[in-house]
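S.K.: Once you've had a glance at the structure underneath, I'll fire off some questions.
The values are calculated or read from the model by the stated rules, or taken from the named source; none is laboratory data. Computed from a predicted structure; not experimentally measured. Every residue, glycine as well, gets a Cβ built from its backbone with ideal geometry; the counts of neighbours run over all protein chains shown.
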Amino acid sequence: MNKLESIVRNNIRSLKPYSSARDEFKGKADAFLDANENPFGELNRYPDPLQLRLKNLLAQDKGVQPEQLFIGNGSDEVIDLLFRVFCIPGKDNVITISPSYGMYQVSADINDVRLKKVQLDENFEIDPNRLLAEVNENSKIIFLCSPNNPTGNTIDLKIIEQICSEFDGIVLVDEAYIDFADTPSSSQLIDNNWNLVVSQTFSKARGLAAARVGYAIAQTQIIDLLNKVKPPYNVSALNQEAAIKALQNKEEYLQQVSYLKAERIKLQEGLKKLDIVLQIYPSEANFLLVRFSNGLELYQHLVNLGIITRNRNTQVQDSIRISVGTSEENKKLISALNNYK
Ligand SMILES: *Cc1c(COP(=O)(O)O)cnc(C)c1O
């Protein structure tokens, strides 16, 4: 048994996956009478279970092989599937950083897996040795997030490499916001790290949050395990088509990303001038984490004005996470803060 096989749950290693009609016959035919579909209509046929057209385009865009891609119903599906492939409920544990994305905890709770949290330092940097010190024989996954939600900073690729090489379990790097970052993606480390999984999404920079399309990049052995466990038709034909269109429309995507990065700087500058702002954390994402002198009250004040931000007070005291919006929306926010007494 190789390293990867030895950390897969026994029931998953021996699982015989569901074989769908579209797995058993691919290609052209005169009559499809195999899947109990209605022969009439536009959305009457089951979608491609392995999303090959989308994967071919995405692979080109990412500079990886199509076999190194898993497409999920949002990247949240990747998080859940990793638990189900690797973690024995009630026995295994996983490790993450704090503060970070709330779904790691929810997914851990759903799967009855203990999540250990390692506090980031005052600049929200990771100490990899403190993280690795939490590992025991039942630790199966380390969840990292870069740029991190809600802090906005990225993790140095050297630190990711160190964690991958010193941990004999899966390392997930959640890159939901990587499109907005100047730091390169850790997907370039995939070929040299058997245990690295990088997740990205169409929900943020690609503008398709409603469609629910996310993906993982990893060596093919890990991708094969995710494919084995996923629901057979986990990404609808409509969602696959939406993601394909988004990839073909690269010009618009690049324009929007550079617009939002420029707006992020303007928003930072507008906030800097305000007395109630105590700290604006540096961000490589499309949001800013900001600490105010009276964050909780201010959050409610903005709600009353119809401006909805994300109250992050429970994670970082008196902080609010502000998404970068259109120029008009950002101006509205700044003027509301200017008028706040
Ligand atoms: C928004 C977000 C996601 C979203 O995932 P989808 O399921 O693809 O919409 C994943 N990770 C982080 C850190 C996020 O902030």
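S.K.: Got a sec? Which of I322, I265, I308 is under 25 Å from S100 (Cα atoms), free of Cβ contacts under 8 Å to residues at least 24 places away in the same chain, outside any helix (DSSP H, G or I) and of a type in the set (A, V, I, L, M, F, W, C)?
M.R.: Sole residue among the options that is under 25 Å from S100 (Cα atoms), free of Cβ contacts under 8 Å to residues at least 24 places away in the same chain, outside any helix (DSSP H, G or I) and of a type in the set (A, V, I, L, M, F, W, C): I308.
S.K.: I'm told L271 meets every condition in (1) surrounded by fewer than 18 Cβ atoms within 10 Å (Cβ to Cβ); (2) more than 20 Å from F124 (Cα to Cα); (3) not basic (K, R) except one. Can you identify the failing condition by its number?
M.R.: For L271, the exception is condition (1).
Results for (1) assigned to a strand (DSSP E or B); (2) within 14 Å of the ligand (Cβ to nearest atom); (3) of a type in the set (A, V, I, L, M, F, W, C); (4) at pLDDT 95 or above, shown as yes or no for each residue.
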{"site": "I190", "(1), (2), (3), (4)": "no, no, yes, yes"}
{"site": "Q200", "(1), (2), (3), (4)": "yes, yes, no, yes"}
{"site": "A205", "(1), (2), (3), (4)": "no, yes, yes, yes"}
{"site": "A210", "(1), (2), (3), (4)": "no, yes, yes, yes"}
{"site": "I222", "(1), (2), (3), (4)": "no, no, yes, yes"}
{"site": "N227", "(1), (2), (3), (4)": "no, no, no, yes"}
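S.K.: Do any residues in segment 1-30 that are modelled with pLDDT of 90 or more have Cβ atoms under 6 Å from those of residues that are surrounded by 11 or more Cβ atoms within 10 Å (Cβ to Cβ) and of a type in the set (S, T, N, Q), where the two are at least six apart or on different chains, and which pairs are they?
M.R.: L4/Q221
S.K.: Could we say that P49 is away from the ligand (no atom under 16 Å from the Cβ), within 20 Å of S236 (Cα to Cα) and of a type outside the set (D, E, K, R) here?
M.R.: So P49 fits the description; yes.
S.K.: Any residue in segment 175-201 that is basic (K, R) sitting within a Cβ distance under 7 Å of a residue that is within 14 Å of the ligand (Cβ to nearest atom)? List the pairs, counting only those 6 or more apart or interchain.
M.R.: Cβ pairs passing all conditions: none.
S.K.: Would you confirm, using the coordinates I've provided, whether Y253 is more than 28 Å from E77 (Cα to Cα) and part of a helix (DSSP H, G or I)?
M.R.: Answer is no for this residue.
S.K.: Is there any pair with a first residue in segment 64-78 that is at positive phi and within 13 Å of the ligand (Cβ to nearest atom) and a second that is in a loop (DSSP other than H, G, I, E, B) and of a type in the set (V, I, T) whose Cβ atoms are under 8 Å apart and which are 6 or more apart or on different chains, and what are they?
M.R.: Listed by first residue and then by second, the contacts come to G74/V213.
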